[in-house]
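Written out below as C-alpha coordinates is the structure these notes cover.
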Amino acid sequence: MSAVLIERNEPIAVVRLNRPEQLNALSNQLMGELVGALENLDDDESIRCIVLAGNDKAFAAGADINELSDATHLELYFGGRIDKWDAIRKIRTPIVAAVSGYCLGGGCELAMACDLIVASESAQFGQPETNLGVLPGAGGTQRLTRAIGKSKAMDVILTGRFLSAGEAEQAGLVARVASEEDWLEEAKRVAQTIAAKSPVGVRLAKEAVLNAFETPLAAGLEAERKAFHLALSSEDAQEGLKAFTEKREPHFKGR
Ligand code: DAK
(Lines give C-alpha, C1' and ligand atoms only; values in the text may rest on other atoms or scores of the structure.)
Protein backbone atom coordinates (compact mmCIF):
# COMPACT_ATOMS: atom_id res chain seq x y z
CA MET A 1 0.00 0.00 0.00
CA SER A 2 1.29 3.46 -0.86
CA ALA A 3 2.16 5.48 2.23
CA VAL A 4 1.44 8.64 0.29
CA LEU A 5 -1.47 9.39 -2.06
CA ILE A 6 -1.41 12.10 -4.70
CA GLU A 7 -4.50 13.86 -6.02
CA ARG A 8 -3.80 16.20 -8.92
CA ASN A 9 -6.23 18.96 -9.75
CA GLU A 10 -4.15 21.46 -11.71
CA PRO A 11 -2.97 24.01 -10.77
CA ILE A 12 -2.87 22.41 -7.30
CA ALA A 13 -2.06 18.93 -6.02
CA VAL A 14 -2.96 17.35 -2.70
CA VAL A 15 -0.46 14.94 -1.18
CA ARG A 16 -2.05 12.76 1.55
CA LEU A 17 -0.07 10.88 4.17
CA ASN A 18 -1.59 7.41 4.20
CA ARG A 19 -0.73 5.25 7.21
CA PRO A 20 -4.01 5.75 9.07
CA GLU A 21 -3.56 2.71 11.35
CA GLN A 22 -0.33 4.21 12.70
CA LEU A 23 -1.64 7.80 12.85
CA ASN A 24 0.54 8.55 9.80
CA ALA A 25 3.76 7.90 11.71
CA LEU A 26 6.59 8.97 9.43
CA SER A 27 8.24 5.69 8.46
CA ASN A 28 11.28 5.68 6.22
CA GLN A 29 9.09 4.39 3.39
CA LEU A 30 6.57 7.21 3.89
CA MET A 31 9.30 9.85 3.94
CA GLY A 32 10.84 8.39 0.76
CA GLU A 33 7.52 8.40 -1.06
CA LEU A 34 6.73 11.88 0.24
CA VAL A 35 10.00 13.35 -0.99
CA GLY A 36 9.58 11.61 -4.38
CA ALA A 37 6.06 12.99 -4.74
CA LEU A 38 7.05 16.53 -3.74
CA GLU A 39 10.06 16.55 -6.08
CA ASN A 40 7.96 15.32 -9.02
CA LEU A 41 5.29 17.93 -8.39
CA ASP A 42 7.98 20.60 -7.97
CA ASP A 43 9.29 19.75 -11.45
CA ASP A 44 5.81 19.97 -12.96
CA GLU A 45 5.00 23.43 -14.30
CA SER A 46 1.27 22.75 -14.26
CA ILE A 47 1.34 22.45 -10.44
CA ARG A 48 1.66 25.82 -8.75
CA CYS A 49 0.83 25.00 -5.15
CA ILE A 50 0.83 21.78 -3.10
CA VAL A 51 -1.38 20.87 -0.13
CA LEU A 52 0.15 18.35 2.28
CA ALA A 53 -2.50 16.68 4.44
CA GLY A 54 -3.16 13.74 6.69
CA ASN A 55 -6.65 12.63 7.67
CA ASP A 56 -9.22 13.84 10.22
CA LYS A 57 -7.52 12.00 13.11
CA ALA A 58 -3.89 12.74 12.39
CA PHE A 59 -1.62 14.84 10.25
CA ALA A 60 1.21 12.71 11.65
CA ALA A 61 1.98 11.49 15.18
CA GLY A 62 5.73 11.77 14.65
CA ALA A 63 8.54 9.62 13.38
CA ASP A 64 7.77 5.90 13.44
CA ILE A 65 8.82 5.02 16.98
CA ASN A 66 9.17 1.32 16.14
CA GLU A 67 11.69 2.13 13.43
CA LEU A 68 13.49 4.58 15.70
CA SER A 69 13.89 2.00 18.42
CA ASP A 70 14.95 -0.80 16.05
CA ALA A 71 17.62 1.13 14.11
CA THR A 72 21.22 1.59 15.20
CA HIS A 73 22.60 5.10 15.71
CA LEU A 74 24.69 4.80 12.59
CA GLU A 75 21.73 3.60 10.49
CA LEU A 76 19.73 6.60 11.69
CA TYR A 77 22.57 9.04 11.00
CA PHE A 78 23.79 7.70 7.67
CA GLY A 79 20.62 5.96 6.44
CA GLY A 80 19.42 8.89 4.32
CA ARG A 81 16.74 10.07 6.77
CA ILE A 82 18.33 13.48 7.25
CA ASP A 83 18.67 13.91 3.46
CA LYS A 84 14.91 13.51 3.09
CA TRP A 85 14.26 16.44 5.42
CA ASP A 86 16.86 18.50 3.55
CA ALA A 87 15.12 17.61 0.27
CA ILE A 88 11.81 19.00 1.57
CA ARG A 89 13.55 22.31 2.34
CA LYS A 90 14.59 22.54 -1.31
CA ILE A 91 11.06 22.36 -2.78
CA ARG A 92 10.37 25.68 -4.52
CA THR A 93 6.63 25.24 -5.03
CA PRO A 94 4.67 26.63 -2.06
CA ILE A 95 3.37 23.92 0.28
CA VAL A 96 0.30 24.44 2.49
CA ALA A 97 0.15 22.01 5.43
CA ALA A 98 -3.48 21.02 6.11
CA VAL A 99 -3.55 19.75 9.69
CA SER A 100 -6.31 17.91 11.49
CA GLY A 101 -5.92 15.85 14.66
CA TYR A 102 -2.48 14.90 15.98
CA CYS A 103 0.48 16.87 14.68
CA LEU A 104 3.27 15.70 16.94
CA GLY A 105 7.04 15.35 16.98
CA GLY A 106 8.29 14.82 13.44
CA GLY A 107 4.71 15.47 12.28
CA CYS A 108 4.81 18.96 13.75
CA GLU A 109 8.29 19.42 12.29
CA LEU A 110 6.97 18.38 8.88
CA ALA A 111 4.07 20.84 9.09
CA MET A 112 6.53 23.57 10.07
CA ALA A 113 8.76 22.67 7.12
CA CYS A 114 5.81 23.59 4.88
CA ASP A 115 5.21 27.26 4.07
CA LEU A 116 2.06 27.83 6.07
CA ILE A 117 -0.32 25.81 8.20
CA VAL A 118 -4.11 25.64 7.89
CA ALA A 119 -5.52 23.76 10.88
CA SER A 120 -8.78 22.14 11.82
CA GLU A 121 -10.26 23.18 15.17
CA SER A 122 -9.42 19.64 16.30
CA ALA A 123 -5.70 19.91 15.57
CA GLN A 124 -3.21 19.34 18.38
CA PHE A 125 0.40 20.40 17.99
CA GLY A 126 3.23 19.13 20.15
CA GLN A 127 6.87 18.11 20.41
CA PRO A 128 6.61 15.30 22.97
CA GLU A 129 10.06 13.82 22.25
CA THR A 130 11.23 14.50 25.82
CA ASN A 131 8.70 11.84 26.91
CA LEU A 132 10.81 9.38 24.91
CA GLY A 133 14.13 10.52 26.35
CA VAL A 134 15.15 12.44 23.26
CA LEU A 135 14.45 15.89 21.79
CA PRO A 136 13.10 17.19 18.48
CA GLY A 137 15.55 16.14 15.75
CA ALA A 138 14.08 17.44 12.50
CA GLY A 139 14.02 21.17 13.13
CA GLY A 140 11.54 21.47 16.01
CA THR A 141 13.79 23.39 18.40
CA GLN A 142 14.59 25.91 15.65
CA ARG A 143 11.37 26.33 13.67
CA LEU A 144 9.01 26.23 16.66
CA THR A 145 11.13 28.81 18.51
CA ARG A 146 11.14 31.09 15.46
CA ALA A 147 7.38 30.64 15.06
CA ILE A 148 6.16 31.13 18.63
CA GLY A 149 9.12 32.55 20.57
CA LYS A 150 11.43 31.14 23.22
CA SER A 151 9.17 30.96 26.25
CA LYS A 152 6.29 29.18 24.57
CA ALA A 153 8.62 26.90 22.60
CA MET A 154 10.34 25.93 25.85
CA ASP A 155 6.93 25.23 27.39
CA VAL A 156 5.91 22.95 24.51
CA ILE A 157 9.26 21.19 24.11
CA LEU A 158 10.27 20.78 27.75
CA THR A 159 6.86 19.81 29.15
CA GLY A 160 5.59 17.93 26.08
CA ARG A 161 2.21 19.64 26.33
CA PHE A 162 0.01 20.00 23.26
CA LEU A 163 -1.19 23.29 21.77
CA SER A 164 -4.77 23.46 20.55
CA ALA A 165 -5.41 24.91 17.09
CA GLY A 166 -6.64 28.15 18.65
CA GLU A 167 -3.58 28.53 20.84
CA ALA A 168 -1.29 27.65 17.95
CA GLU A 169 -2.96 30.27 15.79
CA GLN A 170 -2.71 32.89 18.51
CA ALA A 171 0.97 32.07 19.00
CA GLY A 172 1.75 32.40 15.28
CA LEU A 173 2.35 28.75 14.41
CA VAL A 174 -0.88 28.40 12.43
CA ALA A 175 -2.02 30.80 9.70
CA ARG A 176 -5.73 29.92 9.66
CA VAL A 177 -8.12 27.72 11.63
CA ALA A 178 -11.10 26.10 9.92
CA SER A 179 -13.95 23.94 11.18
CA GLU A 180 -13.59 20.16 11.55
CA GLU A 181 -15.67 19.72 8.38
CA ASP A 182 -13.90 22.31 6.26
CA TRP A 183 -10.16 22.17 7.10
CA LEU A 184 -9.08 20.44 3.91
CA GLU A 185 -11.31 22.51 1.65
CA GLU A 186 -10.01 25.69 3.32
CA ALA A 187 -6.42 24.57 2.69
CA LYS A 188 -7.30 23.86 -0.95
CA ARG A 189 -8.87 27.32 -1.28
CA VAL A 190 -5.68 28.89 0.07
CA ALA A 191 -3.66 26.80 -2.39
CA GLN A 192 -5.93 27.82 -5.30
CA THR A 193 -5.46 31.48 -4.36
CA ILE A 194 -1.68 31.09 -4.31
CA ALA A 195 -1.76 29.10 -7.55
CA ALA A 196 -3.59 31.91 -9.31
CA LYS A 197 -0.71 34.33 -8.67
CA SER A 198 2.40 34.68 -10.78
CA PRO A 199 4.53 31.55 -10.25
CA VAL A 200 7.64 33.70 -10.68
CA GLY A 201 6.55 36.14 -7.98
CA VAL A 202 5.36 33.37 -5.66
CA ARG A 203 8.52 31.25 -5.87
CA LEU A 204 10.81 34.25 -5.42
CA ALA A 205 8.66 35.48 -2.52
CA LYS A 206 8.86 32.05 -0.83
CA GLU A 207 12.64 32.11 -1.22
CA ALA A 208 12.86 35.67 0.16
CA VAL A 209 10.66 34.94 3.20
CA LEU A 210 12.64 31.79 4.05
CA ASN A 211 15.79 33.87 3.67
CA ALA A 212 14.61 35.97 6.62
CA PHE A 213 15.56 33.04 8.87
CA GLU A 214 19.05 32.74 7.44
CA THR A 215 20.37 36.28 7.27
CA PRO A 216 20.78 39.51 9.23
CA LEU A 217 18.28 42.22 8.17
CA ALA A 218 20.60 44.10 5.81
CA ALA A 219 21.52 40.95 3.87
CA GLY A 220 17.88 39.87 3.76
CA LEU A 221 16.80 43.27 2.40
CA GLU A 222 19.53 43.08 -0.24
CA ALA A 223 18.41 39.58 -1.29
CA GLU A 224 14.78 40.75 -1.43
CA ARG A 225 15.75 43.72 -3.63
CA LYS A 226 17.54 41.40 -6.08
CA ALA A 227 14.61 38.98 -6.12
CA PHE A 228 12.23 41.91 -6.74
CA HIS A 229 14.21 43.09 -9.77
CA LEU A 230 14.52 39.53 -11.06
CA ALA A 231 10.73 39.19 -10.82
CA LEU A 232 10.28 42.57 -12.49
CA SER A 233 12.18 41.34 -15.54
CA SER A 234 9.79 38.39 -16.01
CA GLU A 235 6.95 38.10 -18.54
CA ASP A 236 4.66 37.49 -15.56
CA ALA A 237 5.45 40.93 -14.15
CA GLN A 238 4.87 42.61 -17.51
CA GLU A 239 1.54 40.80 -17.77
CA GLY A 240 0.53 41.54 -14.16
CA LEU A 241 1.28 45.25 -14.42
CA LYS A 242 -0.37 45.54 -17.85
CA ALA A 243 -3.49 43.64 -16.74
CA PHE A 244 -3.91 46.03 -13.81
CA THR A 245 -3.77 49.11 -16.03
CA GLU A 246 -6.11 47.45 -18.56
CA LYS A 247 -8.51 46.52 -15.72
CA ARG A 248 -8.55 42.78 -16.56
CA GLU A 249 -7.43 39.51 -14.93
CA PRO A 250 -3.77 38.61 -15.56
CA HIS A 251 -2.75 35.38 -17.32
CA PHE A 252 0.47 34.19 -15.76
CA LYS A 253 2.76 31.70 -17.51
CA GLY A 254 5.52 31.25 -14.95
CA ARG A 255 8.14 32.91 -17.18
N1 DAK B 1 5.18 5.74 15.73
C2 DAK B 1 4.67 4.50 15.52
N3 DAK B 1 3.39 4.16 15.80
C4 DAK B 1 2.60 5.10 16.33
C5 DAK B 1 3.05 6.42 16.60
C6 DAK B 1 4.42 6.74 16.26
N7 DAK B 1 4.93 7.96 16.43
N8 DAK B 1 2.04 7.13 17.13
C9 DAK B 1 0.97 6.27 17.20
N10 DAK B 1 1.31 5.05 16.72
C11 DAK B 1 0.46 3.87 16.59
C12 DAK B 1 0.19 3.26 17.97
O13 DAK B 1 1.26 2.43 18.36
C14 DAK B 1 -1.09 2.48 17.69
O15 DAK B 1 -0.75 1.31 17.00
P16 DAK B 1 -1.45 -0.11 17.41
O17 DAK B 1 -1.17 -0.28 18.87
O18 DAK B 1 -2.92 0.12 17.11
O19 DAK B 1 -0.80 -1.11 16.52
C20 DAK B 1 -1.82 3.39 16.71
O21 DAK B 1 -0.82 4.24 16.12
C22 DAK B 1 -2.86 4.26 17.37
O23 DAK B 1 -2.22 4.95 18.43
P24 DAK B 1 -2.80 4.96 19.95
O25 DAK B 1 -3.54 3.68 20.23
O26 DAK B 1 -1.66 5.32 20.83
O27 DAK B 1 -3.85 6.14 19.84
P28 DAK B 1 -4.33 7.13 20.96
O29 DAK B 1 -5.43 7.91 20.35
O30 DAK B 1 -4.59 6.39 22.25
O31 DAK B 1 -3.07 8.10 21.25
C32 DAK B 1 -1.26 9.55 20.60
C33 DAK B 1 -2.67 8.96 20.25
C34 DAK B 1 -0.83 10.39 19.39
C35 DAK B 1 -1.39 10.49 21.81
C36 DAK B 1 -0.27 8.43 20.91
O37 DAK B 1 -0.34 7.46 19.84
C38 DAK B 1 1.15 8.90 21.02
O39 DAK B 1 1.56 9.46 22.03
N40 DAK B 1 1.96 8.68 19.96
C41 DAK B 1 3.39 9.00 19.96
C42 DAK B 1 3.59 10.49 19.78
C43 DAK B 1 5.07 10.86 19.86
O44 DAK B 1 5.73 10.63 20.88
N45 DAK B 1 5.60 11.40 18.77
C46 DAK B 1 7.02 11.77 18.69
C47 DAK B 1 7.81 10.60 18.09
S48 DAK B 1 9.57 10.92 18.02
C49 DAK B 1 14.89 12.98 12.80
C50 DAK B 1 13.69 13.06 12.15
C51 DAK B 1 12.50 12.98 12.88
C52 DAK B 1 12.53 12.80 14.24
C53 DAK B 1 13.74 12.73 14.87
C54 DAK B 1 14.92 12.82 14.16
N55 DAK B 1 16.10 13.07 12.04
C56 DAK B 1 16.09 13.21 10.61
C57 DAK B 1 17.37 13.17 12.73
C58 DAK B 1 11.27 12.70 14.93
C59 DAK B 1 11.08 12.05 16.11
C60 DAK B 1 9.72 11.84 16.60
O61 DAK B 1 8.77 12.27 16.02
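The values are calculated or read from the model by the stated rules, or taken from the named source; none is laboratory data. Keep in mind that what you see is a predicted model, and the values were worked out from it rather than measured. Here the Cβ positions follow ideal geometry from the backbone for every residue, glycine too, while neighbour counts run over all protein chains shown. Heavy atoms of the whole protein, side chains included, go into the accessibility calculation; ligands, DNA and RNA do not. Shrake-Rupley method; radii C 1.70, N 1.55, O 1.52, S 1.80 Å.
At-a-glance table
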item	result
Distance histogram in 5 Å bins (all Cα pairs of the stretch 106-243, percent per bin)	2, 9, 15, 17, 16, 15, 12, 8, 4, 2, 1, 0
Highest-MSF residue in the chain out of ASP70, ASP43, ASP182 [GNM, Cα springs under 10 Å]	ASP70
DSSP-defined beta bridges in the chain - what % are antiparallel, rounded to 5	25
For the chain, built as a Gaussian network whose Cα springs stay under 10 Å, the top-fluctuating residue of ARG161, ARG92, ARG203	ARG161
Kyte-Doolittle mean at least -1.0 and Cα axial length at least 20 Å: DSSP H helices in the chain	28-42, 217-232
Hydrodynamic radius by Kirkwood, which averages 1/r over all alpha carbon pairs of the stretch 1-145, in angstrom	15.2
Rounded, prolate or oblate (a/c below 1.5 giving rounded, otherwise prolate when a/b exceeds b/c) for the chain by Cα gyration tensor	prolate
Sites GLU21 and VAL134 - FRET efficiency at Förster radius 30 Å, r taken between beta-carbons, to 0.05	0.80
Gain on full stretching of the segment that runs from LYS242 to ILE82 - 0.36 nm per residue minus C-alpha separation	53.1 nm
Computed over the stretch 181-255: relative contact order in percent, which uses C-alpha pairs under 8 Å that are six or more apart	36
The chain - mean residue ellipticity at 222 nm from DSSP helices (-39,500 (n - 2.57) per run, n ≥ 4, rounded to 500)	-14500 deg cm²/dmol
Ranked order, MET154, MET1 - accessible area, probe 1.4 Å, largest first	MET1, MET154
Residue (of PHE228, ASN9, ALA98) at the positive-pole extreme of the chain, dipole from beta-carbon charges	PHE228
Sites matching GluC sites (Glu not before Pro) across the stretch 126-181 that sit in DSSP coil, with at most 16 neighbouring C-beta atoms within 10 Å	GLU180, GLU181
Accessible area per residue in Å² at 1.4 Å probe, computed on the chain	53
Mean separation of Cα contacts under 8 Å (6+ apart) over length of the chain, as relative contact order %	16
MET154-GLU121 pseudo-label distance in nm [points 7 Å out on the Cα-to-Cβ vector]	3.4
Check: the chain dipole with +1 on Lys, Arg Cβ and -1 on Asp, Glu Cβ, in debye	740
Sites ARG89 and ASP44 - FRET efficiency at Förster radius 25 Å, r taken between beta-carbons, to 0.05	0.85
Size of charge dipole - the stretch 1-113 - debye, nearest 20, with Cβ of Lys, Arg +1 and Asp, Glu -1, no other charges	260
Cα-based Lys proximity count in the chain, under 25 Å, for pairs eight or more positions apart or on separate chains	25
Within the stretch 68-172: Cβ-based charge dipole about Cα centre, in debye rounded to nearest 20 (Lys, Arg +1; Asp, Glu -1)	320
Heavy-atom accessible area order for ARG89, ARG8, largest first, 1.4 Å probe	ARG89, ARG8
Per DSSP, loop GluC sites (Glu not before Pro) in the stretch 1-95 with at most 15 further Cβ within 10 Å	GLU45
Carbon plus sulfur fraction of accessible area for the chain, probe 1.4 Å, in percent	54
Mean separation of Cα contacts under 8 Å, 6 or more apart, over the residue count of the stretch 103-255: relative contact order %	21
Tensor-based shape of the stretch 79-123 (alpha-carbon gyration tensor, a/c under 1.5 rounded, otherwise prolate or oblate)	oblate
